[in-house]
1. Given the conditions (1) buried (at least 22 other Cβ atoms within 10 Å of the Cβ); (2) facing another protein chain (nearest Cβ under 10 Å), report the number of the one that B:K635 does not fulfil.
2. So, in the stretch B:553-573, of the ones that are free of Cβ contacts under 8 Å to residues at least 60 places away in the same chain and part of a loop (DSSP other than H, G, I, E, B), which residue ends up nearest to B:H13 (Cα to Cα)?
3. Within the stretch B:576-631, work out how many residues are without any contact (Cβ under 8 Å) to a residue 40 or more places away in the chain and part of a helix (DSSP H, G or I).
4. Taking into account only those residues within the stretch B:21-37 that are at the interface with chain A (Cβ under 9 Å from one of its Cβ atoms) and not in a helix (DSSP H, G or I), which is farthest from B:A115 (Cα to Cα)?
5. Scanning for something surrounded by fewer than 24 Cβ atoms within 10 Å (Cβ to Cβ) and part of a loop (DSSP other than H, G, I, E, B), does the stretch B:641-659 turn up at least one residue?
6. What tally of residues in the stretch B:68-94 results from selecting those that are among the acidic types (D, E) and in contact with a helix residue (DSSP H, G or I) (Cβ under 6 Å, 6 or more places away or on another chain)?
7. With the requirement that a residue be acidic (D, E) and modelled with pLDDT under 95, what does the stretch B:558-580 give you?
8. Inside the stretch A:100-151, can you point out the residues that are of a type in the set (V, I, T), within 18 Å of B:G644 (Cα to Cα) and in a helix (DSSP H, G or I)?
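The values are calculated or read from the model by the stated rules, or taken from the named source; none is laboratory data. None of the values given here were measured: they were computed from a predicted structure. Heads up, the Cβs are rebuilt from the backbone with ideal geometry, glycines too, and the neighbour counts pull from every protein chain shown.
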Amino acid sequence: MSAIHVTTTINDETTEFLCAPDETLLDVLRDRLGLTGSKEGCGSGDCGACSVMLDGRLVCSCLVLGAEAEGRTVATIEGMASGETLHPLQRKFLEHAALQCGICTPGFLVAAKALLERHPDPTEEEARYWLAGNLCRCTGYDKIIRAVLDAAAEMREAG
Amino acid sequence: MALDSKADTGKRHFKVVGTRPLRPDGVDKVTGRARFGADMSAPGMLVGLILRSPHPHARIRVIDTTRARALPGVHAVVTRADFATVDDAALADLLDNCMAGEKALYDGHAVAAVAAASGAVARQALDLIEVDYEPLPFVTDVDEAMKPDAPALHPGRANETVPPGLSANVMARHEFGHGDIEAGLAAADRVLERSYRTGATHQGYIEPHACLASVGPDGKADLWCCTQGHYMVRNTCAAILGMEQGSLRVTASEIGGGFGGKTTVFLEPVALMLSRKAGRPVKMVMSRSEVFRATGPTASTSIDVRIGMTKDGRITAGFAELRYQGGAYPGSPVDMGSMSAFAPYDLEHVKTIGWDVVTNRPKQAAYRAPGAPMAAFAVESAIDELARGFGLDPLEVRLKNAAREGTRASYGPTFPAIGLEATLRAAKDHPHWSAPLGPNQGRGVACGFWFNFGGDTCVSLNITPDGTVTLSEGNPDIGGSRASMSMMAAEELGIPYDKVRTIIADTGSLGQNDVTDGSRVTFAVGLATIEAARAAKREMCKRAAQVWGIEADAVIWENGAVRPAGPNAGKHPPMTLAEIAAIASNTGGPIAGHCEVNAEGAGVSFGTHIADIELDPETGTVRILRYTVFQDAGKAVHPDYVEGQFQGGAVQGIGWALNEEYIYGDDGRLQNAGFLDYRIPVASDLPMIDTVILEIPNPGHPYGVRGVGETPIVPPLAAVANAVSHAAGIRLTHLPISPPRLLAAIREK
């Protein structure tokens, strides 16, 4: 199998890489580009730890081929803060102690950001269902949901 | 070793402890910067993969690795033949679990490993390894395994506690208790006899096991891995590989959950052996299916209980016989299940018998209060049934029988100050207990206990020249412990929290530190941190006294500065920590405090949970409506993370009660080795988990701290089952109460 040359945009930067035809986007991000913030918890789309945005759509990067990124736009956890300024969701996760071990946190943040972009004022139930594809084994979700709803409120106020 | 008297805890006013600062590793973990097990790489790194047995039980006749070794890109192939024989029985079992010897003992058991230039080549190489198996009869169920004619895994290995004539799979018998059970039962108005079963669950940490091993030609090695205890990894791997412990430096990565499942080794000795053979660094990362098939789930159990109660709710005697299968090797946590089963109660007559049983399943590992949740499920279910049968309030019955200070525990010791009664009273007074319920809804309550642990601990607290503080500890931060350590150091030194940076040191930098287990870290590492800070303060007092030309005992430490102690010491303005640090070089050199201790005095922990559920009689689905945790924390250092332990433990217990279980097919293979089919609770399954922190100081810790991490998983199994039983009008005795199981029970009614 010869490698495929891919040109794509990752976190607003034009990026080129070579990958095998059967290589997942997650493996490309982690092993070829050094973007290890996206995690592999299952490799089967069940845990959400590898969540990224692909052309504005929330996907499990373990279920996308690296070659599929050609000509498209990828956003990962590494692009979420602006320099030293954390995204309100990142800040609220810290303030609410919404992480214990932190392995699921990047996936939750990417998924929660996607939620708030579509639904700036979600109910608790909507947030719980939107995030049902992200597994967390440490927190019981309580503080995660509080952080997401609090971030939503702050972002609405900031307009 | 208690550093302080009990009196100190009562009057103390904390400035930092008890507040909720941001965790110091937080920014790294919300930006993707934190490096977990699989996030490390090295120049020249190879990919290591493991070949696993498809048979639940098979003799390994021959392993032919010729074709795999000949494949271009393959740098090493390892089988058991590469490892020397290990004498110690427990260590030999560990090695055998990491790489099968004469027999494969469960579906997923490692039989060979390869290191290759890429994952693709490594996968190809695994396909080229030829293993000649002789399949053997197998057994995966605990009660089946105890039958005298059951297929035997390790004939002749039973220890001396096992009476003759039993199945060869029974490895040990444990007995605890006091009094005369029959006499106690005779005094009861009703004796309830029930049998209970629980499925095997997995810790379900989201991060699969991963490591990066590099062995140099001089035999010196470095290992990076996600573990709950890198000193344990060092000691275990060194023994298995015949290395000196000093030659192997282990660095703990950030750890993506463990819950007990990362208190042993699986990949690490294999990665080191592959690296030694290949002469290159080797990285190994498990797939999720490997995590389920071949790491350490908990025991499945079968438990018989006999409890006698008077009609006014006094328990006259408690007896339980517990059978735990711990997978393919001895050492199920039935001993701790037997010790903890009746621990919440003050009983004159109590006895437990525990049977440790092996089956063709992966070797169990610790899972949060190992052994206790299943035992509590049985006992707390039976007490609930008796109380309701007499028309008594199940909370009142528990209060009437609760263990208190001075109670002789069912497992032997006499309790010092404990918090069970406080959690029960708080539960009784909480609005949750008296809130109305609707149709198909039920409420359950249950108590739980865990021993807690201290253990070997070594920390180093260094004062930098600019007056900031670095604290090195040797226990991976699994849920905010860096924050707690920084807080205790800041509290003791009288400096702001953000002036302390806590790091997790590698095994070359500190003395032995026991594994992050037994809810020990905030207690034991905290205790060592406080003592190290005190040692540094003593040194700083000495330095200031030296500058002032007075005796060291003529000064005191107060609010982060040294001051003269009384008018006789002369008039000197206070010297702050930063001022003393700045002149350290001229007053004798760097300033540091250390503590090396085998920490004793970890106070036992109790909790009470209330669960409200609603069941759907059409589908058998159970929904958690409301849930409240009451637990004694001794002293909550960082209340956010104490609440987080309560919430996370409760939800793991809810999963155990309702959904989670290892399902083996008739072929002896695990049927649900993935998160789709082994379903852990997700956000939409749950309500908020309310928490009430009680603080009954532990006399064994200078600030009164007790471990909090494990107890929260003990009550939920019974709390949920009692709630479902109440709503359904049937007693549910078999976990998980999955929809098909509940539906069948409702239809049988």
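1. Here B:K635 meets the rest and fails (2).
2. We begin by selecting, within the stretch B:553-573, every residue free of Cβ contacts under 8 Å to residues at least 60 places away in the same chain; these are B:553-556, B:562-573.
From the residues that got through so far, the ones that are part of a loop (DSSP other than H, G, I, E, B) too are B:565-566, B:570-573.
Details: B:A565: 21, B:G566: 23, B:G570: 29, B:K571: 28, B:H572: 27, B:P573: 25 Å.
Selected residue: B:A565.
3. So in the stretch B:576-631, the residues without any contact (Cβ under 8 Å) to a residue 40 or more places away in the chain come out as B:586, B:589, B:618.
When the remaining residues are screened for being part of a helix (DSSP H, G or I), the result is B:586.
Going through the stretch B:576-631 one residue at a time, the tally reaches 1.
4. B:L22
5. Yes, because at least one residue in the stretch B:641-659 is surrounded by fewer than 24 Cβ atoms within 10 Å (Cβ to Cβ) and part of a loop (DSSP other than H, G, I, E, B).
6. So the count comes out to 1.
7. Here is the first cut: in the stretch B:558-580, the residues acidic (D, E) are B:558, B:579.
Listed by number, the list holds a single entry, B:E558.
8. Taking the stretch A:100-151 and keeping what is of a type in the set (V, I, T), we get A:103, A:105, A:110, A:123, A:139, A:144-145, A:148.
Okay, now just the ones that are also within 18 Å of B:G644 (Cα to Cα), so A:103, A:105, A:139, A:144-145, A:148.
A:T105, A:I144, A:I145, A:V148, listed by residue number.
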